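A.B. asks: Please see the structure below; I have some questions.
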Amino acid sequence: MIKKNFLKIANQNLKSRLIVGTGKYKSFKETAEAVKASGADMVTVAVRRVNILDKKKPILMDYLNPKKIKYLPNTAGCFTSDDALRTLRLAREMGGWKMVKLEVLGDKKTLYPDMIETLKSTKVLVKEGFKVLVYCTDDPLFAKKLEDAGASAIMPLASPIGSGLGIQNKVNISIIVKQTKVPVIVDAGIGTASDATIAMELGCDGVLVNSAIANANNPILMASSFKNAVISGRQSFLSGRMKKNYFAKASSPKKGII
Amino acid sequence: MAKIQLNGKKITIKQKISLFDLLKKYKLEKKKVAIELNGIIIPKDLYKKKEIVNRDKVEVVHFIGGG
């Protein structure tokens, strides 16, 4: 999955390899500006109860038009397969969204995914015709099982959600990239733009970022920085880096030294 | 009058109003929402047909910001 210029997930073509989350921003205005600056074609969104007490409160769709930017409904906050399935079935009813992000969490403190429940949910969703982008651990075995179950993209964590710790296990991410035929998108734990570049240099097909942009002092500038970081990492990966040497090799010729 | 639970809150509404009427009451009829009635997702084209009765549990959801 490295030759094409765009990111193809199932039947969707995305111009940008950066997908951004829409949580944690100070306002919807800031969300919309950051999304624009990031250049992303796809954003993740959560499904929640409507606030029935406040009829005039603005909503996300007033600021991000789902006709212009692709919504990727997620199951954030779901701790069981049943909750995740319920959430995504509601999302599909809302506007026909078939492409979804599945995350089934297993632990409140680390927000680590429960891979047994995740795999179980993936199988059900695939059977129901969903195109499932699956948030998962960086365990190559489970990544393979998810792919075999019909996942449309494998989304291993770099480190815990919202931690900003960056990619903690480059080897596992690399193994997953090498063994996987569907797109691999690093999701969760990215802390700053260079982390996204590293993910892309490892050969990942894309990066999903929320906190690193929303929690920056200047989220809009950071969104633009991520846009460039992902493009840069991708180009670097496609270029094929030089070999590493243990000793120096002079850059200037010896011939003609005075 | 019918006593129902809407998004976890107990409310009282007129007897035999439809899901569409309920959405209208909260100015949601033009918004992109999904409805679950007693745990079952109701397709949009049934909103006008489906009437709410006493002790029904209704969930109305929409998209919000998330990662």
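Any read-out appearing in this document is the output of simple, stated calculations on the displayed coordinates, not a laboratory observation. Bear in mind the structure is a predicted one, so any value in this text is a computation, not a measurement. Neighbour counts run over all protein chains shown; Cβ positions are idealised from the backbone, glycine included.
A.B. asks: Let me spell it out: the conditions are (1) over 18 Å from the mean Cα position of the chain (by Cα); (2) surrounded by fewer than 24 Cβ atoms within 10 Å (Cβ to Cβ); (3) in contact (Cβ under 8 Å) with a residue 40 or more places away in the chain, and residue A:120 meets all of them except one. Which number is the exception?
C.D. replies: The one condition residue A:120 does not meet is (3).
A.B. asks: Report yes if some residue within segment A:41-54 is free of Cβ contacts under 8 Å to residues at least 40 places away in the same chain, away from chain B (no Cβ under 12 Å) and closer than 27 Å to residue A:217 by Cα; otherwise report no.
C.D. replies: yes
A.B. asks: While we're here: If the requirement is being crowded, with 21+ Cβ neighbours inside 10 Å, farther than 27 Å from residue A:216 by Cβ and either hydrophobic (A, V, I, L, M, F, W, C) or free of Cβ contacts under 8 Å to residues at least 40 places away in the same chain (or both), which of these qualifies: A:149, A:153, A:143?
C.D. replies: On the way: A:149 fails: crowded, with 21+ Cβ neighbours inside 10 Å; A:153 fails: farther than 27 Å from residue A:216 by Cβ.
Answer to the selection: A:143.
A.B. asks: If I go through segment A:195-219 residue by residue, how many of them are surrounded by fewer than 17 Cβ atoms within 10 Å (Cβ to Cβ) and touching a residue at least 12 places away in the same chain (Cβ under 8 Å)?
C.D. replies: Number satisfying all stated conditions: 1.
A.B. asks: State yes or no: is residue A:229 crowded, with 21+ Cβ neighbours inside 10 Å and either in contact with an Asp or Glu (Cβ under 9 Å, 6 or more places away or on another chain) or of a type outside the set (A, V, I, L, M) (or both)?
C.D. replies: In short, yes.
A.B. asks: Out of all the residues in segment B:11-67, which are more than 9 Å from chain A (Cβ to nearest Cβ), of a type in the set (Val, Ile, Thr) and either within 30 Å of residue A:215 (Cβ to Cβ) or out of contact with any helix residue (DSSP H, G or I) (no Cβ under 9 Å at 6 or more places or on another chain) (or both)?
C.D. replies: B:12, B:40, B:53
A.B. asks: Has segment B:2-25 got at least one residue that is outside any strand (DSSP E or B), closer than 23 Å to residue A:72 by Cα and within 12 Å of the chain's Cα centre (by Cα)?
C.D. replies: No, because not a single residue in segment B:2-25 is outside any strand (DSSP E or B), closer than 23 Å to residue A:72 by Cα and within 12 Å of the chain's Cα centre (by Cα).
A.B. asks: Mind listing whichever residues of segment A:3-40 are more than 14 Å from every other protein chain (Cβ to nearest Cβ) and assigned to a loop (DSSP other than H, G, I, E, B)?
C.D. replies: Hits for segment A:3-40 are A:3, A:4, A:5, A:6, A:10, A:11, A:15, A:16, A:17, A:39.
A.B. asks: A follow-up question, please. Which ones in segment A:232-255 are touching a residue at least 40 places away in the same chain (Cβ under 8 Å) and closer than 27 Å to residue A:20 by Cα?
C.D. replies: First, pick out the residues of segment A:232-255 that are touching a residue at least 40 places away in the same chain (Cβ under 8 Å): A:234, A:237-238, A:241.
Listed by number, the residues that qualify are A:234, A:237, A:238.
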